[in-house]
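*Asks:* Got a structure for you, written out below as structure tokens; questions coming shortly.
The values are calculated or read from the model by the stated rules, or taken from the named source; none is laboratory data. It should be emphasised that the depicted structure is a prediction, and the values quoted were computed from it without experimental measurement. Ideal geometry is used to build each Cβ from the backbone, glycine not excepted, and the neighbour counts take in all protein chains shown.
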């Protein structure tokens, strides 16, 4: 009842996987787990972030229906994950995130300052594509992230920490999936 797979990196890859899971396999609940760079100073390494909404700066502008569509998480998944995290006393934050098409930019961290100034919690690459695919199909989606680096200070988890210490997010995602299925 729970399938786990990699979706590649970036919005286009996530968009393909989400579309095929929804339309080819009938999936109704999608939870993305991954890492993100913290934009807000109150976030710490290994904190968890639930993306309520996902702003984006790239290719998915073509999906706008003539105004400004705000890709959002499904409230039922978000609420379930948040409640489970609170019960487990995990360091959890919920808010707006940024899905960026650029991993390395010419402006470096300074290019992310306007997003920080608008209260965006963290930057990653796939949530907006996931949320857009889910919204268009009428299914549920949630992006759950572990903070792997602090964008403006340069502090970052080591490669070994990224491989071995993000279990809280994985367990929270599995617990959430079991509760909603």
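*Asks:* Out of 129, 137, which single residue is out of contact with any strand residue (DSSP E or B) (no Cβ under 6 Å at 6 or more places or on another chain), over 18 Å from residue 104 (Cα atoms) and either without any contact (Cβ under 8 Å) to a residue 24 or more places away in the chain or buried (at least 24 other Cβ atoms within 10 Å of the Cβ) (or both)?
*Replies:* Of the residues listed, the single one that is out of contact with any strand residue (DSSP E or B) (no Cβ under 6 Å at 6 or more places or on another chain), over 18 Å from residue 104 (Cα atoms) and either without any contact (Cβ under 8 Å) to a residue 24 or more places away in the chain or buried (at least 24 other Cβ atoms within 10 Å of the Cβ) (or both) is 129.
*Asks:* Only residues that are part of a loop (DSSP other than H, G, I, E, B), over 21 Å from residue 165 (Cα atoms) and touching a strand residue (DSSP E or B) at 6+ places or on another chain (Cβ under 8 Å): list them for region 1-38, please.
*Replies:* Of everything in region 1-38, just one residue is part of a loop (DSSP other than H, G, I, E, B), over 21 Å from residue 165 (Cα atoms) and touching a strand residue (DSSP E or B) at 6+ places or on another chain (Cβ under 8 Å), namely 28.
*Asks:* Is it the case, given these coordinates, that residue 95 is surrounded by fewer than 17 Cβ atoms within 10 Å (Cβ to Cβ) and under 15 Å from the mean Cα position of the chain (by Cα)?
*Replies:* Values: surrounded by fewer than 17 Cβ atoms within 10 Å (Cβ to Cβ): yes; under 15 Å from the mean Cα position of the chain (by Cα): yes.
Here the answer is yes, as residue 95 does meet what is asked.
*Asks:* Right, next: Scan region 98-110 for residues that are surrounded by 13 or more Cβ atoms within 10 Å (Cβ to Cβ) and over 14 Å from residue 40 (Cα atoms) and jot them down.
*Replies:* 99, 100, 101, 102, 105 - these are the residues of region 98-110 that are surrounded by 13 or more Cβ atoms within 10 Å (Cβ to Cβ) and over 14 Å from residue 40 (Cα atoms).
*Asks:* Determine whether region 117-127 contains at least one residue that is outside any loop (DSSP other than H, G, I, E, B), more than 19 Å from residue 152 (Cβ to Cβ) and at pLDDT 95 or above.
*Replies:* Yes.
*Asks:* Is there any pair linking a residue in region 5-20 that is over 16 Å from residue 54 (Cα atoms) to one that is at pLDDT below 95 and outside any helix (DSSP H, G or I), with Cβ under 6 Å and at least six apart or on different chains, and which?
*Replies:* 13/7; 17/7
Each row is one residue, and each column tells you yes or no for (1) more than 19 Å from residue 132 (Cβ to Cβ); (2) surrounded by fewer than 19 Cβ atoms within 10 Å (Cβ to Cβ).
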{"site": "1", "(1), (2)": "yes, yes"}
{"site": "30", "(1), (2)": "no, no"}
{"site": "42", "(1), (2)": "yes, yes"}
{"site": "50", "(1), (2)": "no, no"}
{"site": "57", "(1), (2)": "no, yes"}
{"site": "76", "(1), (2)": "no, yes"}
{"site": "80", "(1), (2)": "yes, no"}
{"site": "85", "(1), (2)": "yes, no"}
{"site": "88", "(1), (2)": "yes, yes"}
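*Asks:* Then there's this: Does residue 154 qualify as being part of a loop (DSSP other than H, G, I, E, B), surrounded by fewer than 22 Cβ atoms within 10 Å (Cβ to Cβ), in contact with a helix residue (DSSP H, G or I) (Cβ under 9 Å, 6 or more places away or on another chain) and at positive phi?
*Replies:* Judged against the criteria, residue 154 is a match.
*Asks:* Is it the case that region 159-166 has a residue that's part of a loop (DSSP other than H, G, I, E, B) and either closer than 20 Å to residue 18 by Cβ or within 16 Å of the chain's Cα centre (by Cα) (or both)?
*Replies:* Yes, region 159-166 contains a residue that is part of a loop (DSSP other than H, G, I, E, B) and either closer than 20 Å to residue 18 by Cβ or within 16 Å of the chain's Cα centre (by Cα) (or both).
*Asks:* If you take the residues of region 65-100 that are assigned to a loop (DSSP other than H, G, I, E, B) and more than 26 Å from residue 138 (Cβ to Cβ), which of them is modelled with the lowest pLDDT?
*Replies:* Once the filter is applied, the top-ranked residue is 100.
*Asks:* Next question, about the same structure. If you scan region 77-114, which residues turn out to be in contact with a strand residue (DSSP E or B) (Cβ under 9 Å, 6 or more places away or on another chain) and over 30 Å from residue 180 (Cβ atoms)?
*Replies:* 109, 112
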